[in-house]
Amino acid sequence: MSPIAELSNAIERFARTDGDFATALPALTLHRRHGVSEPMPCIYSLGVGIITQGHKHIMVGDRLFNYGPGQLMLSTFDLPVTAHVTRASRREPLLGMMLTLDIAQIAQVAFEMESTLSPEAGYEPISVNVLQPALLDVLLRLVRLLDEPQLVASLAPLLQQEIIVRLLAGPQGAQLRHIIGDGTPRQRMAKTLSWFRKNFKQALSLDALAAHAHMSPATFRQHFRDITGMSPLQFQKQMRLQEARQLMLNQALDAGQASSLVGYESASQFSREYKRLFGAPPLRDIRRMRDGVDAAQ
């Protein structure tokens, strides 16, 4: 059995139905889809993604990435994308995993490796490369570790560090070095986007965000749009709507409860913006998603 097939089997043990599954390791989620999907807005964190079965398209601005088995997707920012499953079936569902990375740990590992080479000129917030066998091996060991929950706290950090070492030493290393150079605009933007994502329920202040990034508001706005393809206000709106959707789907909250929890003061505004992003009002969209999960079961 190939290593990709072994990783598929390991993922499928924990993802037996359609959905996104949290694990004993907070940074690691496992994913399963039984059929193709419509393009769907979502936000990718700093991290790596693997698909072991099935295929996806990822749209970042006007760039389209085809993403499937044998490839590694690296996202270097908390970034809004449009993703959709292009190949999956009940017999061969899409299976995959996402592992978020910590920018401080990346910087520390790069320092210890003396990884001080200047990054290459080209830079993409998201890149898709061939998955190196050694990296696939450690990702497989990480998922298998979930079968030994008593060891996760002790061994997972070691495996996560090995993953970062191999990323920095491999084809993705140049992309990571773009965001860890001390004081560089991209490093400051990466930290600010990470902070922004944790505090998106608060009222937006462009001046405060710019100050957090040590930039003028105009410079910050330009860097923000260059990286995310949208304004800070649009980014905040998408994060709020994504979070509300998950609350309604996973905690059975109604639209009014969810909209209030993510920072909306107007339920009607929430419904309008939700429909604009997801293509249907909240109740119909959540029913559609649950029906899809039920059909897969």
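What follows draws every value from the coordinates through simple rules; no lab data is involved. Just so we're clear, the structure is a prediction, and the values are computed from it rather than from any experiment. Cβ coordinates were reconstructed from backbone atoms using ideal geometry, including for glycine residues, and neighbour counts include every protein chain displayed.
Once the dipole of the chain is set up with Lys and Arg at +1 and Asp and Glu at -1 on Cβ about the Cα centre, which of Gln108, Pro149, Leu241 lies farthest towards its positive end?
Towards the positive end, the residue furthest out is Leu241.
Which is farthest toward the positive dipole end of region 3-177 among Met59, Thr76, Pro39, measuring Cα position about the Cα centre, with Cβ charges +1 (Lys, Arg) and -1 (Asp, Glu)?
After comparing all options, I get Pro39.
For region 3-177, what relative contact order do you get, as a whole percent, if you take Cα pairs closer than 8 Å and at least 6 residues apart?
25 percent
Sort Lys56, Lys275 by Cβ crowding within 10 Å, fewest neighbours at the top.
Ordered by Cβ neighbours within 10 Å, fewest first: Lys275, Lys56.
Between Lys275 and Asp20, what is the spin-label point distance in nm, taking each point 7 Å from the Cα along the Cα→C-beta axis?
2.4 nm
Count charges around Trp195 for me, please; just the other residues with Cβ under 11 Å from its Cβ, Lys/Arg as +1, Asp/Glu as -1.
+3
Return a single number: how many Lys pairs in the chain, at a sequence separation of 8 or more or on separate chains, have alpha-carbon atoms below 23 angstrom apart.
6
Once you charge only the Cβ atoms, +1 for Lys and Arg and -1 for Asp and Glu, what is the size of the charge dipole of region 3-177 about its Cα centre, to the nearest 20 debye?
Values: 13 positive and 17 negative charges, 112 e Å.
In debye, rounded to 20, region 3-177 gives about 540.
What is the extension gain from Leu283 to Ala203, computed as 0.36 nm multiplied by their sequence separation minus the C-alpha to C-alpha distance, in nm to one decimal?
Gain on extension, Leu283 to Ala203, equals 26.2 nm.
Rounded, prolate or oblate: pick one for the chain, where a ≥ b ≥ c are the square roots of the eigenvalues of its C-alpha gyration tensor, a/c under 1.5 means rounded, and failing that, prolate if a/b is larger than b/c, else oblate.
Since a/c reaches 1.5 but b/c is at least a/b, the shape of the chain is classed as oblate.
How long is the gain from Arg87 to Ala104 if the chain were fully straight, where each residue apart is worth 0.36 nm and the alpha carbon distance is subtracted?
2.5 nm
Contour minus end-to-end for Asp226 and Leu151, with contour as 0.36 nm per residue of separation and end-to-end as the Cα-Cα distance?
So the extension gain works out to 22.8 nm.
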